[in-house]
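Beneath this line is the structure, given in C-alpha cells, with notes to follow.
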Amino acid sequence: MAYGRLGLEVFCKLWVTALFLSSVSGRFIVEKSSVRVLRPAHIRGTHEGAIANFGVPKYGGMLRGVVLYPEKGSTGCISFDEIHFKSRSGRPVILLLDRGDCYFALKAWNAQNAGAAAVLIADNIDEPLITMDTPDESRDEGFVEKIVIPSALINREFGEALKIAVNGSEEVVVRLDWRSLCHILMRGKQCLSQCINHGRYCAPDPEQDFSIGYEGKDVVLENLRQLCVHRVSNENYNRSWVWWDYVTDFHVRCSMKEKKYSKECAEDVIKSLGIPLHEVKECMGDPEADVDNLVLKKEQELQVGHGTRGDVTILPTMVINNVQYRDIETNECLERNGGCWQNLGLNVTACKDTFRGRICECPTVQGIQYKGDGYVFCKAVGPGRCSVDNGGCWSETRNGQTYSACLEYKLSECRCPFGFNGDGQKCEDTDECKEKLACQCDGCSCKNTWGGYDCKCKGNLVYIKGEDICIDKNVSRFGWLLSLLVLSCVVGAGIAGYIFYKYRLRSYMDSEIMAIMSQYMPLDNHQNEAQPLRQDSML
C-alpha cells in the first residue's frame, strides 16, 4: 500500500477543486479512479469508480484490501454501534454498501467509525457514474469534514458481482488505484495547458481533448476573473450585484460554442458594466508566477464546511452567519442602465429587472416590437415601424423637405432614397452632375441639389427628364396638336357608334318582334299597324 508524496497529494487535490461554471459546459465532470479485482479469479478485472466529493482520496497511491458486505444495515445509514470490521487475512477492510435512504457522506462516516479503510457504494439503478456530493447542511455536528477515508461509487452490475463473491469461501481482494489521475498533470504539456501558477490551480479540458479548442487554464482564469469582479465591485464600490450582470452577460456574449470565450470578450463586458478594468487585473495577479494566488486560496478555504454548514457546492453562493444564501433582490436597471441598450431620445431601455437578476431584452414601444441582442443594439421591426424613431433609419430635413431611409413596405430594412447613397443608417447626397448620372444630353446645363438635380437646356429647347434629352418647343406644340386631333377622332367614332345602335339596331329588333307576334295572332293591315308601333318605340 503506497500513498505517494504529500506534495503530490496536495497538487492533485487542487486540480479537483477547480470550479466549473455553467458558462463553460452543460455537463458535470465526474472524476474516476480504478478499482481492480485481484481475487477470486473468476471475477478478476478492472472497473471504474466515481470518486466522492468528500473524504481523502489517496492521490498518487493505491490501496489493497478485502471487500466486506454487512449482513445488517447494508445501506450504512445507521451506525454499526460496536461492530468493528476485520478481514481474516488482516488486510484493510473495504466496506461495500448499498445506495439509498441517506446521504452518501453519512454512509462513509458510519463505515469509518466501524473500522473501514475505504468505502465502495453500489448503485441501485443502471446509469452512468455520478459524483457523490456532500449535503448542503449537516445536522450531525459537522461529520463531513471529519471523514478521512476514500469513497467511490460503482455501477450496479459490478456491485452485484461483488456481493455474490463475498458470500463465497474465498476473500474478495481489490485494489483501489489513484495513481493515473496525477499522471496526466505531472508530465508533458497537459499541466501547462490546464493549470496556472505552476500547477497550483487547474481545471479539466473543456472539450476533453488537449489538441483542440480551449484549455483548462482558460476556465481557471475566467473563474478567477469572476471572483475579482465581485471583489472589486463589492469592496471598492459597494455594488456586489454587478457580479450577476457580469456572469449573465459573459454567458450570452462570450460562449465557447460561438468561439468567443476569450480575455478580450470578458474585458469588453467588464467595461460595459462600468467596472474599472485595471483594478480587476490587479486583483487577479500574475497567473504565471510560482506563488499562491490569494484569491483562489481563500476561495478554497471558504468552500469547506464548518460546524453545521456543509461544503459550498452550488455556485454562486453567499454565506451569512454560517448559512448559505443565493442573491437578494435589487433593481439593477437603476445604475448605468444595467449595461443594456437604451434610446435616450425615446426614453426606452432593454433592461428588465427580475427576481433572478436583470436581463437585456429589446422592448415594445407604442405597439412596435424592437429586435436585437439587447446589449448593443435594438431595432424596430414590423408594420408601422417608421412612426417610432423613423424605424432606427436615417432621416433628415432641409429647407422644409424631408427624406427618410425607412420603407413602410419593408419589415426591417433601411434603404437610402433616390438621390442618396449609404447603408440606410447614414445617407449622403448623390452628386448626379459630378458622377454623370443624369443631364448628359447635348446642350444641357446640370446643377446638383440636395436629393436631386436641376437640368436646363440652351436656347429654345425643353428638357425631358424621363428620356434625358432636350427637344425644340415648336416640336412640342405640334405634338399637342396631333394629340388633340387623335382624341377628336376617337370621340367622333364613339358618337357614330351610338347613333347606329340607337336607330338601325333597334329598328331591326322591332321588325323581329312583329314577325314573332304574327305567328300567334292574325294581324290585319300589317303595314299600317307596324308603322305606329315603330314610331312609338322611337319616342
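Every number here is computed from the coordinates shown, using simple stated rules; none is lab data. Note that the structure is predicted; figures quoted are calculated from it, not measured. Every residue, glycine as well, gets a Cβ built from its backbone with ideal geometry; the counts of neighbours run over all protein chains shown.
Measuring nothing but how far apart in sequence close Cα pairs (under 8 Å, 6+ apart) lie, relative to its length, the stretch 216-325 scores a relative contact order of 21 percent.
What the Cα convex hull of the stretch 216-325 gives, in volume per residue, is 119 Å³.
Close amide-amide hydrogen proximity is noted between Glu207 and Tyr214, each under 5 Å apart and 5 or more residues distant or on a separate chain (H modeled in the peptide plane; Pro and chain starts excluded). Per-residue extension of 0.36 nm, minus the Cα-Cα distance of Glu127 and His84, leaves a gain of 12.3 nm for this segment. For the stretch 38-82, a simple Cβ point-charge model (Lys and Arg +1, Asp and Glu -1, everything else neutral) yields a dipole of about 300 debye relative to the Cα centre. Normalised by 2.2 N^0.38 Å, with N the number of residues, the alpha-carbon radius of gyration of the stretch 336-381 equals 1.07. Each Lys and Arg Cβ is given +1 and each Asp and Glu Cβ -1; about its Cα centre, the stretch 216-325 then shows a dipole of about 340 debye.
If packing is taken as the average number of other Cβ atoms within 10 Å across a peptide's residues, how do 94-102, 266-274, 414-422 rank, most packed first? Each step should come with its number before you reach the end.
Values: 94-102: 20.7, 266-274: 18.4, 414-422: 16.7.
By packing density, highest mean first, the sequence is 94-102, 266-274, 414-422.
For the stretch 68-171, the equivalent ellipsoid derived from the alpha-carbon gyration tensor has semi-axes of 21, 18, 11 Å in decreasing order. Using the average count of surrounding beta-carbon atoms within 10 Å as a protection proxy, the listed peptides 192-201, 430-439, 30-39 rank, highest first, as 192-201, 30-39, 430-439.
For the stretch 279-285, 3J(HN,Hα) computed residue by residue from phi via the Karplus equation (6.51, -1.76, 1.60; θ = phi - 60°) reads 6, 5, 5, 4, 5, 5, x Hz, glycine and proline entered as x. A simple rule links phi to the HN-Hα coupling: the Karplus curve 6.51 cos²θ - 1.76 cosθ + 1.60 with θ = phi - 60°, which for the stretch 71-88 gives 6, 10, x, 5, 7, x, 7, 10, 4, 7, 6, 9, 6, 10, 6, 9, 9, 5 Hz, with x for Gly and Pro. Give the relative contact order (percent, whole number) for the stretch 321-424; include only Cα pairs under 8 Å separated by 6+ residues. It rounds to 15 percent for the stretch 321-424. Using 0.36 nm per residue and subtracting the Cα-Cα separation, the extra length available between Thr330 and Ile471 on full extension is 43.2 nm. Across the stretch 340-488, counting alpha-carbon atoms alone, Rg and Dmax equal 24.0, 82 Å.
For Ile469, the residues 5 or more places off, or on other chains, whose built amide H falls under 5 Å of its own are Ile464. For Gly382, nonlocal amide neighbours, meaning residues 5 or more places apart or on other chains whose placed amide H falls under 5 Å from its own, are Ser412. Pairs exceeding a 24 Å alpha-carbon distance, out of Lys257/Lys426; Lys217/Lys298; Lys281/Lys352; Lys410/Lys436; Lys259/Lys297; Lys434/Lys456: Lys257/Lys426; Lys281/Lys352; Lys410/Lys436; Lys259/Lys297. Computed across the stretch 390-429, the Kirkwood hydrodynamic radius from all distinct Cα-Cα pairs reaches 10.1 Å. Label-to-label distance for Ile513 and Ile164 is 11.3 nm, based on points extended 7 Å past Cα in the beta-carbon direction. Applying 1/(1 + (r/R0)^6) with R0 = 60 Å to the Cβ-Cβ distance of Gln303 and Ser387 gives a FRET efficiency near 0.65.
Taking θ as phi - 60° and the Karplus parameters 6.51, -1.76 and 1.60, the scalar couplings of the stretch 111-128 work out to 5, 5, 5, 8, x, 6, 8, 6, 10, 10, 10, 7, 5, 9, 9, 7, 7, x Hz in sequence order, x denoting glycine and proline.
Over the stretch 147-291, all Cα pairs binned in 10 Å intervals from 0 give whole-percent P(r) values of 10, 28, 25, 17, 12, 7, 2, 0, listed from short to long.
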